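Worksheet for the structure shown next.
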Amino acid sequence: MKKSALMSLGGALVLASLPAAAQFEYHGYYRAGVGVNSAGGDQVCFSMPGAATDMRLGNECDYSYEFTFQKKFNTDQDGPKWDATVMLGGYEIFPNHNLDVGVLQMFVSGTDLGDGVLKGATVWAGKRYYERVQMDVNDLFLLRADGDGFGVEGLDVGVGRAGYAMMYRSRGDNNTGTLDHLFKLTDIQSNPDGNLSLYLSLKLDTSSDKKDQSGNVVTAANEIEDGWQFSVIHRQQFDKVSNLLGLQYGKGSLSDLNLWSDGSGKAKDSKIVRLADEAGISLNDQTRLSVLGLYQRTDDGSGNTTTWYELGLRPTYTFNDIASVSWDVGYDILKPKGSDTRKLLKNTLALELRNGGNAVPRIRFFYTFAKWNDAVNQASANGPVFGWASGTTNPFAGETSGSSFGAQGEVWF
């Protein structure tokens with residue numbers, strides 16, 4: 001861990017320890033674990049080559065850590081409220097132990113800065129997580145627009161709440177960059193206990209030619225195609241069922257729906273269509289079922305298409321306030337045009353111990369088994385295996401099945 005990062009983290013912890021009157025809040029999340037694979041080496045995880053994500057339980061070969069420090073202003077007064085937020089954290093693939101800490105968020109926000117449409121709205125500027133819509137069992141971000149920018153959200157426009165943000169993403173030179181315009185209309189009451197959110201994003205290339213010291217024109221490098229995406233997100237809550245449904249379309253530099261990227265490497269006519277649904281069902285006081293279905297079709301702009309299907313199922317049985325057991329199964333099918341269809345089946349059985357009910361901290365012990373076909377091996381030198389330290393080899397090279405087992409601790413607060 002870098003010395004500067006340690007100093008930053010230490011200073012933030014001192015601030016967070018001040019008395020409540022100082023109006024500081026401290027939140028955090030981290031997960032860390034250990035595991036081995038059945039061939040005898042480091043834990044590995046399994047994911048379909050060409051797919052955007054994988055079923056996550058017992059399939060996280062990483063350390064992830066985020067610590068948020070927030071100073072609140074004017075909380076005991078009428079009128080505008082201000083927040084100053086800093087998040088420190090990082091991400092490392094197991095078993096790397098560097099665990100460097102970086103600044104993940106650093107922004108200022110103000111709420112209730114006026115009456116009318118501004119009442120309840122928030123204006124912000126800085127570096128932040130933004131426009132995150134995430135599925136749980138496969139850890140897929142349907143939307144994610146993290147970056148540096150400014151915006152306003154929560155504008156009451158009657159039918160719902162509107163927002164706009166502008167994000168700038170540098171591509172390594174002062175005349176090459178990407179400008180994102182992010183529009184959203186959320187909290188639209190579509191039906192009883194259901195709400196609809198609409199997201200429109202434009203990714204525009206800001207690259208321009210420039211002159212060198214001799215006056216010669218230097219053409220901008222790394223230019224990208226402009227792109228756009230439109231997403232419809234519906235959330236539904238019934239008595240014992242919650243549901244998240246997403247329908248998305250993207251084109252050009254947003255043909256992968258990665259709002260946080262700089263848009264490089266995408267053709268003008270490339271496009272993507274995605275339909276995803278996830279439901280959480282409480283069958284009784286002790287049994288919960290999570291179900292996921294996903295369809296995605298991409299076109300690279302040259303007629304080369306890839307279709308991806310994912311089905312996921314996670315039943316969980318709770319023995320008492322401390323212990324539960326889950327079975328997590330996912331089946332992925334990926335069909336690239338002109339190539340053999342790839343298939344991957346992943347199973348995880350996990351025993352979880354936790355701090356009462358649905359609370360944290362948690363410790364889970366897991367066994368993960370995966371089976372795949374030869375087309376998966378042909379698609380990648382590593383087959384479906386990922387998540388080991390750089391420089392090591394695929395323990396299941398040429399095989400069509402493999403497994404890992406281990407333990408993981410996780411907490412958020």
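Since every read-out is calculated from the coordinates, none of them should be taken as a lab result. Keep in mind the model is a prediction, meaning the values are calculated, not measured. Here the Cβ positions follow ideal geometry from the backbone for every residue, glycine too, while neighbour counts run over all protein chains shown.
From the P(r) of the range 3-412, can you give the percent of Cα pairs sitting at distances over 39 Å?
Numbers: 20647 of 83845 pairs.
Across the range 3-412, Cα pairs with separations above 39 Å total 25 percent.
For the range 333-348, in order, what is each residue's ³J(HN,Hα) by Karplus, 6.51 cos²θ - 1.76 cosθ + 1.60 with θ = phi - 60°, in whole Hz (x at glycine and Pro)?
After applying 6.51 cos²θ - 1.76 cosθ + 1.60, I find 10, 10, 10, x, 4, x, 10, 5, 6, 9, 9, 9, 10, 10, 10, 9 Hz.
Restrict the search to the range 271-380; then list the chymotrypsin sites (Phe, Trp or Tyr not before Pro) that DSSP places in a loop and that have at most 11 other Cβ atoms within 10 Å of their Cβ.
Numbers: sites: Tyr295, Trp308, Tyr309, Tyr317, Phe319, Trp327, Tyr331, Phe365, Phe366, Tyr367, Phe369, Trp372; in loops: Phe319.
Of the chymotrypsin sites (Phe, Trp or Tyr not before Pro), the ones in loops of the range 271-380 whose Cβ has at most 11 other Cβ atoms within 10 Å are Phe319.
Could you list which residues have their amide H under 5 Å from that of Thr206, counting only those 5 or more apart in sequence or on another chain, with H placed in the peptide plane?
Distant-sequence amide H within range of Thr206: Gly177, Thr178, Leu179.
Report, ordered by chain and residue number, the aspartates and glutamates lying within cross-link reach of Lys240, taken as a straight Cα distance under 20 Å and ignoring same-chain residues fewer than 8 apart.
Lys240 reaches Asp136, Asp193, Asp277, Glu278, Asp285, Asp321.
With only Lys, Arg, Asp and Glu charged, each at its Cβ (+1 for the first two, -1 for the last two), find how big the charge dipole of the chain is about the Cα centre; round to the nearest 20 debye.
Working: 38 positive and 48 negative charges, 52 e Å.
Charge dipole, the chain, about its Cα centre: 260 debye, nearest 20.
Taking H placed 1.01 Å from N in the peptide plane, check which residues at least 5 places from Val101 or on another chain put their amide H under 5 Å from its amide H.
The list, which skips near neighbours in sequence, is Lys2.
From the helices alone, meaning DSSP H stretches of at least four residues, give me the mean residue ellipticity at 222 nm for the chain, per-run term -39500 (n - 2.57), in deg cm²/dmol to the nearest 500. All intermediate terms of the calculation are to be shown ahead of the outcome.
Numbers: 2 runs with 20 residues, N = 413.
Helix contribution divided over all residues of the chain: -1500 deg cm²/dmol.
Output ³J(HN,Hα) for the range 184-197: one whole-Hz value per residue in order, computed from phi by the Karplus curve 6.51 cos²θ - 1.76 cosθ + 1.60 with θ = phi - 60°, and x for Gly and Pro.
8, 9, 10, 6, 7, 6, 8, 6, x, 6, x, 9, 10, 10
Long-range amide H contacts for Phe94: which residues qualify at under 5 Å (H placed 1.01 Å from N, peptide plane, sequence gap of 5 or more or a different chain)?
Amide H to amide H, under 5 Å and 5 or more residues apart or across chains, Phe94 pairs with Asp62, Tyr63.
Charges on Cβ only, +1 for Lys and Arg, -1 for Asp and Glu, centred on the Cα centroid of the range 3-412; of Thr368, Phe24, Ser109, which one is farthest towards the dipole's positive end?
Of the listed residues, the answer is Thr368.
What are the extents of the Cα atoms of the range 31-82 along their three principal axes, in Å, largest first?
For the range 31-82, the Cα spread along each principal axis is 62, 26, 13 Å.
Please report the net charge: other residues with Cβ closer than 13 Å to the Cβ of Gly120, K and R +1, D and E -1. Spell out each step's value before the answer.
Details: positive: Lys81, Lys119, Arg161; negative: Asp112, Asp115, Glu153, Asp156, Asp187.
Around Gly120, the charge tally is -2.
Given the options Leu344, Gly301, Ala125, identify the residue whose Cα lies farthest towards the positive end of the charge dipole of the range 3-412 (+1 on Cβ of Lys, Arg; -1 on Cβ of Asp, Glu).
Sorting the options by dipole projection puts first Leu344.
Can you work out ³J(HN,Hα) from phi for every residue in the range 224-230, in order, using Karplus 6.51 cos²θ - 1.76 cosθ + 1.60 and θ = phi - 60°, giving whole Hz and x for Gly and Pro?
Here the 3J(HN,Hα) series is 10, 7, 5, x, 8, 9, 9 Hz.
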